[in-house]
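The structure appears below as structure tokens.
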Amino acid sequence: MTKAQMTDQGCGARTRVMVAAVGSAAALGGAFVFQSLGYAPCHLCILERWPHAAAVVIGLAILALRLPMVTALLGALAALTTAGIGIYHSLVERHIIAGPDSCTAAKPAQMSAADLLAQIQNTPLVRCDDIAWSFLGVTMPNLNVVLSLILAAIWVSAFVKARKTA
């Protein structure tokens, strides 16, 4: 194998890392655009952002510091983490499972008047169990899950590509 062929194959893995990192940066950018349009994020929305930020940092570190491609698996883990949070958030906003007490509401019939008043006073303005935006039944957490699973596959493919060329 020539040096040029080896460089091309190695570049494929790093290009995939760049695509995955840019994908997470785009997801963050999209979240901030929606926020600027008046769709305030709930607690779970904020939690979904952190793994994307970690994936961007991991991608930049791999590219800038020429880290071993095994670190791409950390990017995959970050993408799978935000996908997991997105699945949980999707189930909460569709009232399939109960969400965290900090951003969801219990049914008033199940609460005393004092507990209901305390909840009203302590519940944030943006609740996790409300669908803030949807298009054809697809919500923002749903989109995050799909994008994050695609990004996880890209991270893993970068690792596999690097292993094949090593």
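Read-outs throughout are calculated quantities, based only on the coordinates presented, and are distinct from any laboratory measurement. Just so you know, these numbers come straight off a predicted model, no measurement behind them. Note that we place each Cβ from the backbone using ideal geometry, even for glycine, and neighbour counts take in every protein chain shown.
Roughly how many nanometres apart are two label points built 7 Å out from the Cα toward the Cβ at residue 91 and residue 65?
With each label placed 7 Å out from Cα toward Cβ, I get 3.5 nm.
Using label points projected 7 Å from each Cα along Cα→Cβ, tell me how many nm separate residue 130 and residue 146, to one decimal.
The answer from the label model is 2.5 nm.
Once the piece of chain linking residue 164 and residue 15 is laid out straight, how much longer is it, given 0.36 nm per residue of separation minus the C-alpha distance between them?
Additional length available on full extension: 52.1 nm.
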